[in-house]
Amino acid sequence: MTEPPQTAEPSPPSGAAPAPGPAPGVTADGGPSPQAPAAVRRRAVLAGTAVSVLLILAIVFGSRLLRDFDSALLPYAVATVFLAFGVAYRYTVWISAPGARRLFRQGWRSFFSAANFRRAPTALPRMIATYLGFQKFLGARSHARWAAHQLLFWGCLLAAAITFPLTWGWFTFTSATGSGPGYEMRIWGFEIIGFDALGFLGWLMFHGLDIAAVLVIAGAAYFLWRRMKDRGAITGQRFAYDLVPLIALVVISVTGLLLTFSSIFLHGGGYQFLAVLHMVSVVFTLIYIPFGKFFHIVQRPAAVGMQLFKYTSRRTGEGEGEVLVCRRCHEPIDTAPYVANLRGTMRDLDLGFDEWAEYCPRCKRVLRGAAYLDHVKKGFK
Ligand code: HEM
């Protein structure tokens with residue numbers, strides 16, 4: 001086997017993950033660069049428009065032709081339509097990049113593969129739970145980061161599950177007496193559950209958002225604290241990308257809690273002002289989601305298919321599951337189909353060093369160091 005030329009090239013990408021790299025016209029984080037091809041932009045605008053129109057139709061029909069739509073929540077509903085446009089737009093641009101497109105295609109192929117299902121029927125639900133739901137891989141970075149992220153994740157999920165359908169007029173709470181304590185919860189006009197507002201279920205129903213806010217404040221506060229203390233984090237962080245999302249989550253949650261505080265303890269004092277502040281922070285955050293760090297919420301599910309691909313190709317019995325060993329130290333790297341897929345991505349991106357995918361990360365570093373000694377240090381007088 002030949003070894004790649006030992007030059008002092010920049011570090012080859014690690015063989016550990018098929019990093020979806022940027023295509024011409026697409027930046028590394030999936031955003032369109034100023035030269036994003038017009039065809040990609042057109043496709044992205046079409047996808048964004050289609051998804052927004054579908055959401056508007058779902059709002060109109062889901063709220064029984066706006067009969068259940070609360071006009072006080074209009075700004076939130078409009079923000080979700082912009083959010084839908086932004087997510088579909090950016091997602092389309094993202095999967096138009098060769099690396100991400102391969103990840104996306106391979107992921108869906110694994111997802112719908114009957115052979116995969118026969119080989120490992122429980123693999124997909126397990127991966128959805130452990131990777132997407134519990135983000136177990138974060139525990140390897142630190143238990144505290146994992147716990148804080150779980151608080152953010154479940155807090156935001158709970159808040160979204162309550163507020164999005166309410167905003168769209170899909171949920172209604174009605175009382176036969178007009179003022180409780182007996183309430184009925186309806187979805188799309190169908191009665192789902194009746195409850196007593198003064199009972200435990202009633203308390204949970206009306207304070208779900210407060211619970212979500214407490215979870216989110218705890219998670220975001222840890223990450224903010226870490227970003228002020230951890231030298232590694234401080235060195236690389238950018239205000240708009242790393243701090244704004246955390247500050248936005250804290251502002252939304254604190255103003256939300258203050259609304260409850262105002263209605264319980266201040267007889268509604270300051271409520272109007274807080275309601276506007278809360279609404280403005282939510283609307284801006286929703287519109288910002290597709291364009292900043294929060295976009296990982298939409299990107300990450302695509303990686304489940306790739307995890308499944310890695311897992312099933314490891315378990316396959318027909319020679320395919322062969323594990324490739326490092327060309328230099330002969331330690332296992334990953335399965336042959338996985339490394340082949342990584343090399344394919346690198347070739348799609350015109351990276352002229354895809355052979356490096358067949359070395360383990362440690363050997364890549366050793367070879368780079370040796371190349372540096374050979375080519376740079378010697379000539380340095
Ligand atoms: C409601 C859904 C989610 C929310 C609100 C959320 C929010 C956040 C926020 C605010 C951060 C930034 C923390 C910081 O850098 O200081 C973060 C980081 C991160 N998120 Fe999420 N996230 C969500 C879902 C997910 C999912 C589904 C995954 C993966 C399966 C994921 C993976 C990550 C990773 C890997 C980091 C970096 C963590 C670290 O540096 O320790 N997130 N998330």
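Just so it is clear, none of the values below were taken in a lab; they were calculated from the coordinates. Because the structure is a prediction, the values reported are computed rather than measured. Here Cβ is always computed from backbone atoms with ideal geometry, including for glycine, and neighbour counts include all displayed protein chains.
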Projected convex hull area of region 272-351, Cα atoms, direction-averaged, in nm², equals 8.8 nm²
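Pairs of alpha-carbon atoms within less than 8 angstrom and 6+ residues apart define the contacts here; what relative contact order does region 307-377 have, in percent?
On the way: 66 pairs, mean separation 17.2, N = 71.
Reported as a whole number, the value is 24 percent.
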In terms of the charge dipole of region 64-166, which places +1 on Lys and Arg and -1 on Asp and Glu at the beta carbon, the residue among A114, T80, T92 farthest towards the positive end is A114
With a cut-off of 19 Å, note down the residues of region 125-165 whose backbone N falls inside the zone around a label point 7 Å from the Cα of A233 toward its beta carbon. 135-156
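When the Kirkwood radius is taken over all Cα pairs of the chain, what Stokes-Einstein diffusion coefficient follows at 20 °C and 1.002 mPa s, in µm²/s? List each step's numbers first, then the result.
On the way: Rh = 24.3 Å.
After rounding, the answer is 88 µm²/s.
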Separation between the R109 and I187 pseudo-spin-labels, each 7 Å from Cα along Cα→Cβ, expressed in nm? 3.6 nm
How many nm separate the modelled label positions at V53 and R119, each set 7 Å beyond the Cα in the direction of the Cβ? 4.1 nm
Output the Cα-based Rg and Dmax of region 307-377 in Å, rounding Rg to one decimal and Dmax to a whole number. 14.2, 48
Using only DSSP helix segments of four residues or longer, with each worth -39500 (n - 2.57), what per-residue ellipticity at 222 nm results for the chain after dividing by its residue count and rounding to 500? -19000 deg cm²/dmol
Toy charge model, Lys and Arg Cβ at +1, Asp and Glu Cβ at -1: the chain dipole around Cα centroid in debye, rounded to 20, equals 1180 debye
Protection proxy (average C-beta count within 10 Å per residue), highest first, orders 105-111, 142-148 as 105-111, 142-148
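Which whole DSSP H helices in the chain pass both tests: a Cα extent of 15 Å or more along the axis and a mean Kyte-Doolittle value no lower than 0.0?
Values: long enough: 38-62 (35 Å, 1.72); 74-95 (32 Å, 1.32); 98-112 (21 Å, -0.77); 143-167 (35 Å, 0.91); 200-229 (41 Å, 1.12); 244-265 (30 Å, 2.31); 271-288 (25 Å, 1.73); 302-315 (21 Å, -0.24); 336-348 (18 Å, -0.50); 361-372 (17 Å, -0.55).
Span-like helices here: 38-62, 74-95, 143-167, 200-229, 244-265, 271-288.
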Honestly region 121-267 on the Cα gyration tensor test (a ≥ b ≥ c root eigenvalues; a/c under 1.5 rounded, otherwise a/b vs b/c for prolate or oblate) is just oblate
Rank C360, A371, P337 by how far each Cα sits towards the positive end of the charge dipole of region 307-377 (+1 on Lys, Arg Cβ; -1 on Asp, Glu Cβ) and give me just the farthest. A371
Using a basic spin-label model with each label point 7 Å from the Cα along Cα→Cβ, how many nm lie between C329 and R300? 3.0 nm
Suppose R0 equals 35 Å. What FRET efficiency, 1/(1 + (r/R0)^6) with r the Cβ-Cβ distance, do R67 and I264 give to the nearest 0.05? 0.70
Taking the Cα of F173, stepping 7 Å toward and past its beta carbon, and measuring to each backbone N in region 60-104: which are under 18 Å? 68-74
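So how do D210, D350 line up by other beta-carbon neighbours within 10 Å, fewest first?
Values: D210 16, D350 11.
Listing D210, D350 from fewest to most nearby Cβ atoms yields D350, D210.
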Distance between region 188-261 and region 324-343 - C-alpha centres, whole angstrom: 42 Å
Checked region 38-118 against the a/c 1.5 cut and the a/b vs b/c comparison, axes a ≥ b ≥ c from its Cα gyration tensor; verdict oblate
Cβ-placed point charges (K, R +1; D, E -1), dipole of region 307-377 about Cα centre in debye, nearest 20: 400 debye
